[in-house]
Each structure stands twice: as C-alpha cells, then as structure tokens.
Amino acid sequence: MATINFYLDKSDKKGFSPIHLRINCNGKQVKVSTKEKVRMVDFDKEKQEVKTTSERHNEINHYLSFLKNRANDLLNRSYKKSYTNTEIKKILTGYVGGYNSDHNISIVEEQVALYGKPFTFIDLFAGAGGFSEGFLQSEVNNKYFEFLLGSDINDNCELTHLVRYNHQLGLGASFLKQDITEPGFLDSLLGELHGQKVDVVCGGPPCQSFSLAGKRRKFDKKDDLFSHYLEVIKVLQPKYFIMENVKGILTKEKGKIGELIVNEINSIVDIHEIPKLATFVKKLKRTYEQDDFLLDCIVKRIDIEKHSDNKAEEAMGNYLKSVESVFRKLTPKIVDYKTSKTDVRISTIRHGFNLLVRGKELEKLKRRIIREKDYCNIDNDYFVDAFNNFLTEIDTYEIIEKIEEAFENLNISKEYIKSRNDIITALKISTFSFEDTLQFVKMFCNEKQRIELDNIIDGIRLYKIEAPFVANASNYGVPQNRERVLFIGCRKDQKFISGIPATVAEKDKVSVFEALYDLDFVGNNEEAHHYESVDISKQYNGTAKKMQNLLKLRSVGGAPDMLKGKTFSDWSKKGRLNGRFINTTKSFYVKDKESLEKGEKIYDVLHNHKTSKQNEKVIKRLDIILQEGDYKNAQCQLEECGLSSNKRNYNVLKPEKQSPTVMTIADDYIHYNSPRALTVREMARLQSFDDSFVFQGKRSTGGNKRKTEVPQFTLVGNAVPPLLARAVADEILRKIR
C-alpha cells in the first residue's frame, strides 16, 4: 500500500523551506519537488497543509491537494497496472511544471516590434473561441492578428476566454459579457475598445428562427441577431468581416433569407458618400413634382444612414413626426370634427403614430417579454398564442398594417386618395433597409438617370459581397465533415474575397483515427490526467498495418509534409500557435470564476479527457451498434436483445473517414474502437482544438439548464473549427491592405 505525504526541506537564507512530495510504496521511495516554499512555522505536519498564517495558504493548499490526488490516482486508481519510479516522477513533475510555469514572472520584449505587422480583430458570439484560436494561429508574409476583444452572453464562455487568452497566453484581450441586442451594447463595446481600430470582425450570430421582415411570428430570442451584428459593422467599419452560419440558412424560405442577408450587407454605406445620393434624389423632384412629399421622405430616410444609435433614433422620430403632421393637416379634409375626436379608425391612425414614434421602447419591451417567454419555457401550451399575439401586435409592420386598414375603412373621397397613399408609403419607407430605399428610388428614374444612380450606388456601398459560400471544414485539415456558410464582407478599399481555397486535397483529408488514436486508453467512466503510450500493433492485431498507414506527416494546416511535418495528434499536443506567444504558460482548469480568482487551478498534463458513466445495458447497446457499424442496421438485433432505444440517432465513427458534424451531445457518437461515447477532448480534437485549449466549468448539463448554461460539451460542439478559422484568417492576411 502506498503512502503519500509532504515534508519540508532545509530553510533558505530568507527562512523559507521547499515543500516536497514523498511517495513510499513496496519499500521504494519517490521524491518530487513541488516548487513551492513556506516558513516552517506556517506548515502543519499533522494536517499536511499550510496554516492560515501564510498569505497564500488557500492557493498552496489547493495545489498540494491536487498534487496528492494525482499521485493517489496513479498508485491506487489507475487503469495502468504498474509504473516505474521514473515514470511516476516524470508524470508528477509534469503537473508541477504546469503550476510552476503559471507562477513564474518574466520580462519580455514588446512582441509587435519584433514580430512584424499586426492587424486587429474582435470575436462576437465568441463561444469557446474557435474563430479567436484560428486567427491567432494565422501568419502570412510576416503579418498576423492581434486579438482585442471577445464577446458572448454566457459565464462559461467568459471563463474559458479569461483562462485561455488572459492567463495562459498572457494577452490583453478583453471580454464583453453582454447581450448584443441590449440598447447599451455598442456603447459598452466602444468603451472596451478604448479607441482602437478594428481591422476584422468575426462571429456566428444564430439565425435559426430568423424569418422575413413582417412575417416573424415565433419571436424566439435569437430572432434577428444578425441585424444587430451588422449594426456593429456599421459603427466599426472594419476592413473585413465574417459571418458564419449553418448551411440551412441558404435554403430557408426558398433562399430568400440568404438574399435578405446579402441585401442587408449591401445596405451598409460609406457615410461620406451619402450627400451625393441625397443630391441626386433632390434633382428628381424637378421631374416628379407630384411626388415631392415621397421624395422628401426618401431624402430624410437616406440622411438617417449618417447617424448611429441614439442620433439615428432621434432622426427616425423626427421623420415619423413629419409624416404625422401631414396626417393632421389631412384629417379635417376627410372627416368632420366630431368624427376626428371619437371615430375608432382615426384613433387607430393617431395612436399608431404614437406607437411608431415609441418604436425603440417597444423593441426593449419585446426583448424583455421574449426573454421571459424563453426562460419560462412558454411553448406548445395555452400561453404561447397569447404571448405571440401580443408580440405581433406591437411589431412595427403590424402597427403600419393596422394604420393602413383604418385608412382604407374611412372611405376617403378620390380627391384625397393620393395623400392617404403617400402617408402609408411614407410609413413603409421608415421600415426600408438601405437596399430597399435604393430600389424605391430607381422607380423614379429613366434609363439615363438609372446609369447615374448605379454609379453613385457603386461608390456608396461600403462592402462588397456577391454571395455566401459553403465551406466544408474537412477541406482545411479538420477531421470532420462540417459544412458551414460563410458571408465575408470586404470593404471597398480592400481586395475582394469570394471563397477560401482548400488547404487539403480530397485524398489527403485527416481521418478520425489520426485525430483520436493516441487518446484511446480510457474506458467507461474513467478520467485521464496525462498521456499514455498507445501500441497500435497490440490494439489492432491483424489490422495494425492498415491503421498505422492512416497516420500521415502533415503541415500545421493539414497538407502532407514528409520532411518537416507532424501527425495531426502531435500537432494537437504541441499546439498550432506560432512562436510569438512567448509568454504562454501551461494550461489549467478551474470550475468557475470564483475558483480562478482564488487561484484554485488544476494543472493536469491532459485535460477534458473523461468518459461518461454508462450502465451495462447502454454499453451492450453501443457494442451491437458498433459491430453493425450503423444504428439503422442494428435495429433488429437491438429489438431481439431488448436493447431498443428512443434515441433518434447514434453516429458510429469510422476510423478511416471524417466524423459527421460534431454537435453538443457526446452520447450521439460511438467511438470507433470501444462501445462508449466521446470525451470532451476527443470532440475537441475532431474540431481541431489544440490539447492546450482547456474547456472550463461544468462538463455537461441537462434539462432546462441547457437554456442558460454552456458546459464543456456545448462549448466544443457550437464552436467554429480553429483550422477552418485559420484558413479564413490566412486568406484575409494575403489580401488585406
């Protein structure tokens, strides 16, 4: 039986004694220096801990407890039967090394001066930080990216960012934990940036429930997040921006959603060019005097584009009040005095204007109700229709429809029909995107004027984009068939990007086996804290040669490289960040932000490699599916054995192929060599995250907590694969001016 304890060595000149870990087992002894020191009087030998009289007692005691637990794991709970003294010392020294690197202070030279030309980026809807990882890996022609800020709404996203980028890599990138739909988001963002110029904005705003304007009835909290993302683009005006989304966005509502997004991007304007367009519209008034009012409305609508946030809200309020004044002048002409004061139709129009002017307040109200609706799970019940009906009633488009209906029911004489129609059209103009506004102006142009307008439009569009494109992550060195849509906006003074060249040929794509084989030393309900050697010849017997041949030497981006290359798994262990991150410390894990502040860190060599605890029935089910190679093919046998499941699908990983799209539930996948689910680390490998990237906080969660918590599995499954992001970043660095 092994005994594990701590003892103090001789004191140094300042009176501090080194703390050592000592293991006695079967008459043999192993000693490991913890690299920590404490005064003799501050150490309790009996309790084996530092006394409260020491300033850092909490942090050191947490570290000693961690180190003792890891030693105990090796000797009493290990899946490996025996270790040599040298092996034990090497493994424990690895844990100590992680702790020590995080507590050493060094002064280094300014990296920018040494390292070339930096371009800045921010990562919105950052999640785990897949975009951030890829951009920080990128380096082209002595150009690289400097990370300024990440943003998301979840605590664990923030925690993972703080640990990875601030503590581990030593970067100054800030994190903004705020909902992008909140009115103060832009002000907070600009405050965090402290006037720094942003060259690139990246992010993946969810668009699952987004629908065409005026037809949104689900009122999901994710509605229209991409529009808020574009509001950030309008304010920051970066050289490039990237919007990532699911492939289905291109076919949603018969492709109209994709077209709408492109139109919104085309609606981002160069405010310095707006006066040219306004002058052009004013000239049209000479030709179309009868449409003087509508053309004036167009000029005012165009002018709103020059403003952002509060000033734009004020300008829109003034616009609506000017339209309302036209209605007030029209009222005595179409109804008598008594009717104007008591008629429900006139009241509807008048009150409709009040609601439209209060548009921003109604938007705040909608957001609050939507959040509460989501928090209380209002869906598929007796409440949902009432909630959605109310949200519909206060929607801008619905308010305008009510005003239009009231006008039509007034039976206005022909003399004032045009005035009525102009008021309704003016209200609709207030809802126009800039692209809609341009199309409306074209209705007033002859052929010569259209040519002139097209020239103005070319100059006024700030970003160039023809169409989104589908990128498969496996084309960029990721061992996963993950198709995502990328919208890349290129500022008009930058080189155009229409796609991202593949870095890996079809025949050279990274396989699942390459990504995971060296992690295949854990069984059901086990956790590994360090790497173990994997003997392919023993594990695979007759197919060992075939499996060995799947391993290829590759460049960091995945292309074959027989001279200087490494295997995918070796790149994962070494890390794909380039040499400029000289302040990097060893990776660590914390369970929450409070633990981070207290210094309660876990310095494992290998993190996030824990398998789920599955009962014998589940293991038998997984084994049958694994042997059959497919869930559908296994259905009959599962029924015969009484092992049927209501689970919709299991994905059996094929070692020689790429994995299907990695989602957020590990139990959806079956390991290619064992009847078990994947670990967080294995899913991270399939996403191309380095092993040094530690996913923080809870490992998993369930039920309603999935609405508010983002545990490790969710962080991994929702992330942009870093190697895909790296390929995007490389292409931008090749083109950016």
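The values are calculated or read from the model by the stated rules, or taken from the named source; none is laboratory data. Quantities reported herein were computed from a predicted structural model and do not represent experimental measurements. Cβ sites come from the backbone with ideal geometry, for glycine too, and all protein chains shown count toward neighbours.
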task = Search the range 454-477 for residues that are in a loop (DSSP other than H, G, I, E, B) and pair each with any residue that is aromatic (Phe, Trp, Tyr) when their beta-carbon atoms are under 6 Å apart and the residues are at least 6 apart or on different chains.
result = Pro468/Phe487
request  = State all residues of the range 681-737 that are over 24 Å from Lys586 (Cβ atoms), more than 14 Å from the chain's Cα centre (by Cα) and of a type in the set (Val, Ile, Thr); if no residue qualifies, say none.
outcome  = Thr701, Thr708, Val728, Ile732, Ile736
query = Regarding Ser82, is this residue among the small types (Gly, Ala, Ser), at pLDDT below 80, outside any helix (DSSP H, G or I) and under 33 Å from the mean Cα position of the chain (by Cα)?
reply = no
request  = Filter the range 234-247 down to the residues that are of a type in the set (D, E, K, R) and closer than 26 Å to Gly195 by Cα, then identify the one that is modelled with the lowest pLDDT.
outcome  = Lys234
message = Would you confirm, using the coordinates I've provided, whether Val112 is at pLDDT below 80 and assigned to a loop (DSSP other than H, G, I, E, B)?
response = no
note = Note on the range 229-251: residues part of a helix (DSSP H, G or I) and in contact (Cβ under 8 Å) with a residue 24 or more places away in the chain are Tyr229, Leu230, Glu231, Val232, Ile233, Lys234, Val235, Leu236, Lys247, Ile249, Leu250
inquiry  = Restricting to the range 1-34, name every residue that is assigned to a strand (DSSP E or B) and on the phi > 0 side of the Ramachandran plot.
reply    = none
ask   = Going through the range 293-345 one residue at a time, which ones are small (Gly, Ala, Ser) and either surrounded by 12 or more Cβ atoms within 10 Å (Cβ to Cβ) or within 21 Å of His272 (Cα to Cα) (or both)?
value = Ser308, Ala312, Ala315, Gly317, Ser322, Ser340
request  = Kindly establish whether Leu250 is out of contact with any Asp or Glu (no Cβ under 8 Å at 6 or more places or on another chain) and at pLDDT 85 or above.
outcome  = yes
key: Whichever residue in the range 667-696 is out of contact with any Pro (no Cβ under 8 Å at 6 or more places or on another chain) and part of a helix (DSSP H, G or I) and, among such residues, is modelled with the lowest pLDDT   = Asp667
query = Residues in the range 453-468 that are crowded, with 18+ Cβ neighbours inside 10 Å and more than 19 Å from Lys282 (Cα to Cα): how many?
reply = 6
inquiry  = Please go through the range 697-737 and give me each residue that is surrounded by 16 or more Cβ atoms within 10 Å (Cβ to Cβ), in contact (Cβ under 8 Å) with a residue 60 or more places away in the chain, out of contact with any strand residue (DSSP E or B) (no Cβ under 9 Å at 6 or more places or on another chain) and in a helix (DSSP H, G or I), ordered by number.
reply    = Gln712, Leu715, Val716, Pro722, Leu723, Arg726
task = State which residue is farthest from the chain's Cα centre (by Cα) when the search covers only the range 522-546 and only residues that are of a type outside the set (Gly, Ala, Ser) and more than 28 Å from Lys613 (Cβ to Cβ).
result = Asn541
remark   = Note on the range 149-179: residues at pLDDT 95 or above, over 14 Å from the mean Cα position of the chain (by Cα) and surrounded by fewer than 21 Cβ atoms within 10 Å (Cβ to Cβ) are Leu162, Ser174
request  = Give the residue that is modelled with the lowest pLDDT, with candidates limited to residues of the range 1-25 that are out of contact with any Ser or Thr (no Cβ under 9 Å at 6 or more places or on another chain) and more than 15 Å from Glu49 (Cβ to Cβ).
outcome  = Met1
Pair list, Cβ < 9 Å and 6+ apart or interchain, from the range 570-583 residues that are on the phi > 0 side of the Ramachandran plot to residues that are of a type in the set (Gly, Ala, Ser) and crowded, with 18+ Cβ neighbours inside 10 Å = Gly575/Ser692
remark   = Of the conditions (1) outside any loop (DSSP other than H, G, I, E, B); (2) modelled with pLDDT of 95 or more; (3) hydrophobic (A, V, I, L, M, F, W, C), the single one that Phe226 does not satisfy is (2)
request  = For the range 631-654, name all the residues that are exposed (fewer than 13 other Cβ atoms within 10 Å of the Cβ) and either among the acidic types (Asp, Glu) or in a helix (DSSP H, G or I) (or both).
outcome  = Cys636, Glu639, Glu640
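Would you kindly identify the helices (runs of 4 or more DSSP H) lying entirely within the range 320-399 that contain at least 2 residues that are under 31 Å from the mean Cα position of the chain (by Cα), under 22 Å from Lys428 (Cβ atoms) and of a type in the set (D, E, K, R)?
359-375
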ask   = exposed (fewer than 14 other Cβ atoms within 10 Å of the Cβ), assigned by TED's automatic domain parsing to the domain that holds Glu415 and touching a residue at least 12 places away in the same chain (Cβ under 8 Å) - does that describe any residue in the range 347-355?
value = no
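Residue under question is Lys613, and the condition is that it be surrounded by fewer than 16 Cβ atoms within 10 Å (Cβ to Cβ), more than 26 Å from the chain's Cα centre (by Cα), within 26 Å of Gly477 (Cβ to Cβ) and not aliphatic (A, V, I, L, M); does it hold?
So Lys613 fails the test.
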key: Residue ID - nearest to the chain's Cα centre (by Cα), chosen from residues in the range 249-275 that are within 25 Å of Val299 (Cα to Cα) and surrounded by fewer than 14 Cβ atoms within 10 Å (Cβ to Cβ)   = His272
ask   = Hey, which of the helices (runs of 4 or more DSSP H) in the range 497-595, taking only ones fully inside, have at least 3 residues that are surrounded by 15 or more Cβ atoms within 10 Å (Cβ to Cβ)?
value = 512-516, 568-574
ask   = Which residue out of Phe444, Phe440 is of a type in the set (Phe, Trp, Tyr), in a loop (DSSP other than H, G, I, E, B) and surrounded by fewer than 20 Cβ atoms within 10 Å (Cβ to Cβ)?
value = Phe444
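Per-residue answers, yes or no, for (1) among the β-branched types (Val, Ile, Thr); (2) touching a Ser or Thr at 6+ places or on another chain (Cβ under 9 Å):
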{"residue": "Ile265", "(1), (2)": "yes, no"}
{"residue": "Ile268", "(1), (2)": "yes, no"}
{"residue": "Lys283", "(1), (2)": "no, no"}
{"residue": "Glu289", "(1), (2)": "no, no"}
{"residue": "Phe293", "(1), (2)": "no, yes"}
{"residue": "Ile302", "(1), (2)": "yes, yes"}
{"residue": "Glu305", "(1), (2)": "no, yes"}
